[in-house]
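For reference, the structure is listed below as structure tokens.
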Amino acid sequence: MGGVDLGYLFRFCAARQVDPYPLGGAEGFMAYSKYEISAPHYRILQAGLVYSLFKNVYLQGGIQFLNYGEDELWGNSYESAHCFYAGLGISTILAPIRMNLAVGEKGRVSTMFAIGYDFDIFRYSRK
């Protein structure tokens, strides 16, 4: 399992005038809660493994890297972070259940619990 998530605003107004992307949470960078951090430009790189323990029970683990900034990502003016994560998922008849644990820089621990799907098809069109 691997993935890349990239967000970039192609606008000429100042970055502070627009609503930036929230980067944290179970569907983003797991070391931060959903609205704890945001930026108009970001990239998340993730590499991990998923293992099926039983028929509907899955164990996952991996590492995430985050780069974000107010101006751009391609120069030297961005912040970076990384975290290790592990999670347990159960596929039920009604909805999936997920429990995640992430350990960020400086040993900060974040936990997440989710029931159901977290999918927003209008995520990028609202920006």
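The values are calculated or read from the model by the stated rules, or taken from the named source; none is laboratory data. These numbers come from a predicted model, not from an experiment. As a convention, Cβ positions derive from the backbone with ideal geometry for all residues, glycine included, and neighbour counts pool all protein chains shown.
Couple of notes before you dig in:
- Candidates are the residues of segment 1-45 that are of a type in the set (D, E, K, R) and assigned to a loop (DSSP other than H, G, I, E, B); the one that is modelled with the highest pLDDT is Glu36.
- Segment 23-42 - residue that is over 15 Å from Gly104 (Cα atoms) and surrounded by fewer than 19 Cβ atoms within 10 Å (Cβ to Cβ) and, of those, nearest to the chain's Cα centre (by Cα): Glu27
Quick grid of which residues meet (1) loosely packed, with under 13 Cβ neighbours inside 10 Å; (2) at pLDDT 85 or above; (3) in a strand (DSSP E or B):
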residue: Ala47; (1), (2), (3): yes, yes, yes
residue: Ser52; (1), (2), (3): yes, yes, yes
residue: Gly61; (1), (2), (3): no, yes, yes
residue: Gln64; (1), (2), (3): no, yes, yes
residue: Leu73; (1), (2), (3): no, no, no
residue: Ser80; (1), (2), (3): yes, yes, yes
residue: Ala86; (1), (2), (3): no, yes, yes
residue: Asp120; (1), (2), (3): yes, no, no
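- When segment 96-114 is filtered for residues that are more than 14 Å from Glu27 (Cβ to Cβ) and without any contact (Cβ under 8 Å) to a residue 24 or more places away in the chain, the ones remaining, listed by number, are Ile97, Met99, Leu101, Lys106, Gly107, Val109, Thr111.
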